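Worksheet: the structure to be examined is printed underneath.
The values are calculated or read from the model by the stated rules, or taken from the named source; none is laboratory data. On a predicted model such as this, the values are computed, not experimentally measured, just so you know. Here the Cβ is made from the backbone with ideal geometry for all residues, glycine too, and neighbour counts use every protein chain on show.
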Amino acid sequence: MRAARYGFVRLLDRLALMERRGLITQEINVDEAMGKAAIQWLQQFRPEASVSVFVLITAAEFGRLEIVQWLHHNRSERCTSAAMDRAAANGHLDVVQWLHFNRQEGCTYDAMTGAAEFGHLDVIKWLHLHREEGCTVHAMDRAAANGHLDVVQWLHEHREEGCSRLAMDMAAKNGLLEVVQWLHEHRTEGCTAAAMNGAAANGHLEVVKWLHEHRIEGCTSVGVRHAAANGHLEVLEWLYGHYAAVFQLSQVNIMDDAASRGQMSPEGI
């Protein structure tokens, strides 16, 4: 039963009455409970009810510090490193700090990596100073993919994990030209043809042009085909003028894709 999940104390009272009358016999499931009042009600009226580790983890994930603290002081169930990992990924620095000073589970490199992915630079800085788990190349990769240039720059200056070519590939795919330019100027990993392919597929013509002028990877028929499938006529026209050989590798299919979406006739280019 999931009433406890929503903090409906009145409903829980009614359920207790029904239980006393023999109308309910199954165990109350309080996993993912997010209402402090509901948890306190269970402590008072159903202290034998099993509370799984996911209760504290979920409270931490959603930044409910008061529930995390209450569970810590009133229940004996443990949690896992996922509590701090998820709190960090969601930017709940107060929860991260409290778990660090009051619990023993700690975190994993997913904490800093998750914080980087979602742009929580304050959390990253704190973890860097107070924890030893660090992060992986996924931190800068995902920060770049999501346009968190300040995070990318900080990781570049203060961490040694670096990134992979996926950073520029995904930044280009998502139309983040400023991130692409910064990675090109300050990092050595570069990119692959997936960068221009992704930019073309999503209609980011300025990114396509910049990659053409400053990088050597180019594109493949995959980028042309996806640009056609997504109806990016302006991108197709530009690609045809600069990558005619690639364009013609699968010209019939490309034209069919574009024509089927009503973007052009098969003779449109």
Taking Glu77 and the conditions (1) part of a helix (DSSP H, G or I); (2) at pLDDT below 95, which numbered condition does it fall short on, given that it satisfies the others?
(1)
Matching option when the condition is out of contact with any Cys (no Cβ under 9 Å at 6 or more places or on another chain), crowded, with 19+ Cβ neighbours inside 10 Å and farther than 20 Å from Thr113 by Cβ, among Leu236, Leu211, Leu177
Leu236
Being within 23 Å of Asp141 (Cα to Cα) and either of a type in the set (D, E, K, R) or touching a Lys or Arg at 6+ places or on another chain (Cβ under 6 Å) (or both) is true for just one of Arg86, Arg64. Which residue is that?
Arg86
Can you give me the ranges of the helices (runs of 4 or more DSSP H) entirely in segment 224-269 with at least 1 residues that are in contact with a helix residue (DSSP H, G or I) (Cβ under 8 Å, 6 or more places away or on another chain), among the aromatic types (Phe, Trp, Tyr) and modelled with pLDDT of 60 or more?
233-242, 244-247
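Among the residues of segment 103-154 satisfying the criterion of being acidic (Asp, Glu) and in contact with a helix residue (DSSP H, G or I) (Cβ under 8 Å, 6 or more places away or on another chain), which is surrounded by the most Cβ atoms within 10 Å (Cβ to Cβ)? Before the answer, list the steps.
To start, the set of residues in segment 103-154 that are acidic (Asp, Glu) comprises 105, 110, 117, 122, 132-133, 141, 150.
Then keep just the ones that are in contact with a helix residue (DSSP H, G or I) (Cβ under 8 Å, 6 or more places away or on another chain); that gives 105, 110, 117, 122, 133, 141, 150.
Working: Glu105: 18, Asp110: 21, Glu117: 22, Asp122: 11, Glu133: 16, Asp141: 26, Asp150: 12.
Of everything passing the filter in segment 103-154, Asp141 is surrounded by the most Cβ atoms within 10 Å (Cβ to Cβ).
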